[in-house]
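The values are calculated or read from the model by the stated rules, or taken from the named source; none is laboratory data. Keep in mind that this is a model prediction, so the values were computed, not measured. Backbone-built Cβ (ideal geometry, glycine too); neighbour counts: all protein chains shown.
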């Protein structure tokens, strides 16, 4: 791997991780992991936009996809926090919350990615 690619991915990851941490400070979870759900939703939409933009546009700037897609989105989203929360609910025998959180995460993300794809893919394909 080139040092410049490693550098932009690392920088994007730092910024994404700090943004996730900042979000967790702004949105205090009182029983339900709203901050984690929000960053995963936003990250999924952002990554969908990045992938679609790259598919439909030629861009000579090599750095933006690894910096934003792998770096920022990788640092910003958090599947591990999702897994930890599901495990906490499981250990507490809180099955209702497991189902609610898993459905909100998986179905919500699917709907957002589908809608984002439909919106941008149809607009950018016409160009």
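The table below lists the values:
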| read-out | value |
| --- | --- |
| Considering residues of segment 24-33 that are outside any loop (DSSP other than H, G, I, E, B) and closer than 27 Å to residue 96 by Cβ only, the residue farthest from the chain's Cα centre (by Cα) | 26 |
| Enumeration of residues in segment 25-44 that are in contact with a helix residue (DSSP H, G or I) (Cβ under 9 Å, 6 or more places away or on another chain) and surrounded by fewer than 18 Cβ atoms within 10 Å (Cβ to Cβ) | 25, 26, 27, 28, 29, 31, 32, 38, 42 |
| Count of segment 50-65 residues which are in contact with a helix residue (DSSP H, G or I) (Cβ under 6 Å, 6 or more places away or on another chain), assigned to a helix (DSSP H, G or I) and touching a residue at least 40 places away in the same chain (Cβ under 8 Å) | 2 |
| Residue match in segment 13-23 (condition: under 9 Å from the mean Cα position of the chain (by Cα) and in contact (Cβ under 8 Å) with a residue 60 or more places away in the chain) | no |
| Check on residue 79, modelled with pLDDT under 95, farther than 25 Å from residue 123 by Cβ and out of contact with any strand residue (DSSP E or B) (no Cβ under 9 Å at 6 or more places or on another chain) | yes |
| Residue within segment 112-124 that is at pLDDT 95 or above and not in a helix (DSSP H, G or I) present | no |
| Subset of segment 80-127 that is exposed (fewer than 11 other Cβ atoms within 10 Å of the Cβ) and under 21 Å from residue 19 (Cα atoms) - its residue that is farthest from the chain's Cα centre (by Cα) | 83 |
| Subset of segment 66-111 (residues that are outside any helix (DSSP H, G or I) and in contact (Cβ under 8 Å) with a residue 12 or more places away in the chain) | 77, 78 |
